[in-house]
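What follows is a single structure, written as C-alpha cells, with notes after it.
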Amino acid sequence: MFMDIQLNTIVGLTLFALYSISIVSLIIVVLLENRNPLKTIPWVIVLLLLPGVGLIFYFVFGQDNRRQRIISRRTYKRIMRPLYATPVQDRCAVEPPCRPLVRLLNRNHRNPLLYGSGLSVYTRGADKFDALLEEIGRARHHIHLQYYIFDGDATGRRVQQALIDKARAGIRVRVIYDDVGSWHAKNTFFAEMRKAGIQVYPFLRVAFPVLTSKVNYRNHRKIVVIDGRVGFMGGMNIADRYIHGTPLGPWRDTHFKITGKGVHGLQSAFLIDWYVISKELVKGREYYPSEKIYSDNILQIVASGPAGLWRTLVQAFLFCIMNARNYLYIQTPYFLPTEDLNQALQTVALGGVDIRLMIPERSDSRMVNMASRSFLADMVKAGVKVYFYKPGFLHSKLLVTDDALACIGSANFDFRSFEHNFEVNAFVYQASFACRMKEMFLDDMTQCEQLVPAHWLKRPVLRRLAESFMRLFSPLL
C-alpha cells in the first residue's frame, strides 16, 4: 500500500514537472520569436494563468508562421511573370509624394504598377450581386472566385447556380472558400458544385477534433476574376446579410468592379492561393489578356498575409499616415490598431493633419467593440475626429488621403487583418478616384454622430476598466 502511494506520488510529480517544463519552454519559445510585446504579453499571461487551456489555445491560435514560405520562389515568379511581361510605360508614373510608397510595395511584395483600369463602386449589396451575376453570365473562358464567407443561403444559391450553369456550358470555374468563414454552408452545398464540374477547394481546412495550427490564419480575401478582363474586390462576402442587413440594421459596405489591367493583379493573387491549396500551376497568356485603357489611374494590387518576411499592409498604412499632409480619412468596422499605427495616427493628428476615423456605433462582436473603444480616448485627445455610423453596421474598409491616394480592399484596421489574415487591397493613385472616395466618406458622415471628447472622457469607470481589460487581448481577437 505504502509503495503504491509512493509510486503514485512519483508519477504525479514527474508529470507535473514535465508539464511545467513544457509550459516554461513554450513561454521561452514565445519570447524568442521576438514578436511585438503587445502580442507576446497576452500569450504569456494566458499560459501562466490558464496553463492547460492556454497550451491548447497557443497550438491552435498562437503560432507565428511568418517565417514559413507557402509557395516556392520559382513558382511565385512563374505565376507573377505575366504582370512584368509588358515594359513599364512612361505614363505609368505616380506623383512624387507617392513614389516611395510605390517602391515600398514593389520591394516588400513585388507589386507592379498597373495602368488604365476602370473602377466601379458599389455600396449596396443588391447592386454588387446584380453586377457580379451579370458578369458571370458573360464569361467565355474562365471564372475564378474566392471568398472568406460563401453561405448556402438564398444569395449563395443564386451565385452557386450561376457558376454551375457556366461550368455545364464548358467554362472553367475555380472556387476557393475559407473553411472557417464559410462554416455555415453545408458540405453538400460545395459538393453540388463539384458534381457540376466546378473545381472547389477550402482554404486551410480545419478538421476538428484534431487540433490544427492553421485555424488562426484565415483567407479574408474577396476576389472574382472573369476571363482575366473583369474583377471584383472589396468588403462584401456572399451571404444574405449583405442585401437584407442584420439585427444591427442595414449593412453598409463598399465593393469594387475593376476592368482592365488591374484585373491582372487580382488574377495573380488568386492563382497563387490556387496553387497553395490545389498544387495546380495555372499559367498562360489567356489568363492575362491584353486590355484597353479605361482611365488614367494607376494602381497596385497588394496581397498580404501572415507568411513572408514583411508585414506589407502595416508598412503601407504607416507610410500613408506619416506622409499625410492635409487630411486622412479611415473607414473600418473594427479598430484595433497595432501600437505603431496607433502612435502614428496620434502623432500626425497632433501635427495638425485632419484625421477622421469612422466606425460602426454597434458592432457584430461585443469583445472587439469593447477593445476598440479603449483606443478612442487617446485618439480624440490627440485631435483625431471620431464618427460613429448610426443607421446600421458599417463594414466598409477605406483609407483616402490628400486627394491623391485611396486604399480599398478587404483589410480591416485591426490586428487580425494586419497579422493573421490573408488580405488583398488596391492602392489607387488617381486624384479623381480619391476625390470620389472622399465624397463617399463625407456623405456617410451625414449619418454619423461625432464623438464629443468631453462626454467620452466622462464615461463610467467600470466601463472604461472593462474596455481596457479587453484591450489587453486585442492582438488575439
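Please arrange R103, R373, R241 by accessible surface area, largest first, computed with a 1.4 Å probe and ligands excluded.
Result, largest first: R103, R241, R373.
Excluding residues fewer than 8 places away in the same chain, name every one of the lysines whose C-alpha is closer than 17 Å to that of K222.
Qualifying lysines at Cα under 17 Å: K128, K257, K397.
Once both labels are modelled 7 Å past Cα along the beta-carbon direction, what's the A191-A154 spacing in nm?
With each label placed 7 Å out from Cα toward Cβ, I get 2.6 nm.
If ligands, DNA and RNA are left out, what is the accessible area of S365 with a 1.4 Å probe, given in Å² to the nearest 10?
30
I need the shape label for the stretch 372-456. Rule: rounded when a/c is under 1.5, else prolate if a/b > b/c, else oblate, with a, b, c from the alpha carbon gyration tensor.
Note, shape of the stretch 372-456 comes out oblate.
With labels modelled as points extended 7 Å from the Cα through the Cβ direction, what inter-label distance (nm, one decimal) is found for D378 paired with N326?
A separation of 3.0 nm, rounded to one decimal place.
For a quick check of understanding: with a 1.4 angstrom probe and all protein chains in place, what accessible area in square angstrom does L405 have, to the nearest ten?
10
Using the basic label-point model (7 angstrom from Cα toward the beta carbon), what is the A169 to E134 distance in nanometres?
It is 1.6 nm.
What full-extension length gain, to one decimal in nm, is calculated for S120 and K390 as 0.36 nm per residue of separation minus the Cα-Cα distance?
Separation in residues times 0.36 nm, less the Cα-Cα distance, equals 94.7 nm.
Given R₀ = 56 Å, what would the calculated FRET efficiency be for L281 paired with L350, taking r from the Cβ atoms and rounding to 0.05?
Working from the Cβ atoms, E equals 0.65.
If each residue of separation counts as 0.36 nm, what is the full-extension length gain between E449 and L248 once their alpha-carbon separation is subtracted?
70.7 nm
Looking only at the stretch 151-292, where both bridge partners belong to it, what percent of the DSSP beta bridges are antiparallel (to the nearest 5)?
Taking every DSSP beta bridge within the stretch 151-292, about 65 percent pair in antiparallel fashion.
What whole-number distance in Å separates the alpha-carbon centres of the stretch 96-127 and the stretch 214-252?
Between the Cα centre of the stretch 96-127 and that of the stretch 214-252, the gap is 19 Å.
Using a 1.4 Å probe, how large is the accessible area of E449, given in Å² and rounded to the nearest 10?
Roll a 1.4 Å probe over it and E449 shows about 90 Å².
Quick one: ranking M440, M358 by accessible area, 1.4 Å probe, largest first, what do you get?
Accessible-area ranking of M440, M358, largest first: M440, M358.
Given axes a ≥ b ≥ c from the Cα gyration tensor, I'd like to know whether the stretch 209-321 is rounded (a/c under 1.5), prolate (a/b larger than b/c) or oblate.
rounded
When the accessible area of the stretch 327-477 is computed with all protein chains present and a 1.4 Å probe, what percentage of it is carbon and sulfur?
Carbon with sulfur: 57 percent of the solvent-accessible area.
Using only the Cα atoms of the stretch 336-380, build the gyration tensor, take square roots of its eigenvalues as a ≥ b ≥ c, and label the shape rounded, prolate or oblate: rounded if a/c is under 1.5, else prolate if a/b is larger than b/c, else oblate.
The shape class here is prolate.
In whole Å, what is the distance between the alpha-carbon centres of the stretch 271-332 and the stretch 158-207?
The distance from the Cα centre of the stretch 271-332 to that of the stretch 158-207 comes to 25 Å.
If amide H atoms are built 1.01 Å from N in the plane of the peptide, which residues on other chains or at least 5 residues away come under 5 Å of the amide H of D354?
Sorted by chain and number, the residues that satisfy this are Y327, L328.
Largest first, how would W310, W274, W251 line up by accessible area (1.4 Å probe)?
Ranked list, largest accessible area first: W310, W251, W274.
Evaluate E = 1/(1 + (r/R0)^6) for H141 and R107, where r is the Cβ-Cβ distance and R0 equals 41 Å; express this FRET efficiency to the nearest 0.05.
Calculated transfer efficiency: 0.80.
The values are calculated or read from the model by the stated rules, or taken from the named source; none is laboratory data. Predicted, not measured: the structure shown is a model, and the values here were computed from it. All Cβ positions, glycine included, derive from the backbone under ideal geometry; neighbour counts span all protein chains shown. Surface areas here come from the heavy atoms of the whole protein model, side chains and all, with no ligands, DNA or RNA. Shrake-Rupley method; radii C 1.70, N 1.55, O 1.52, S 1.80 Å.
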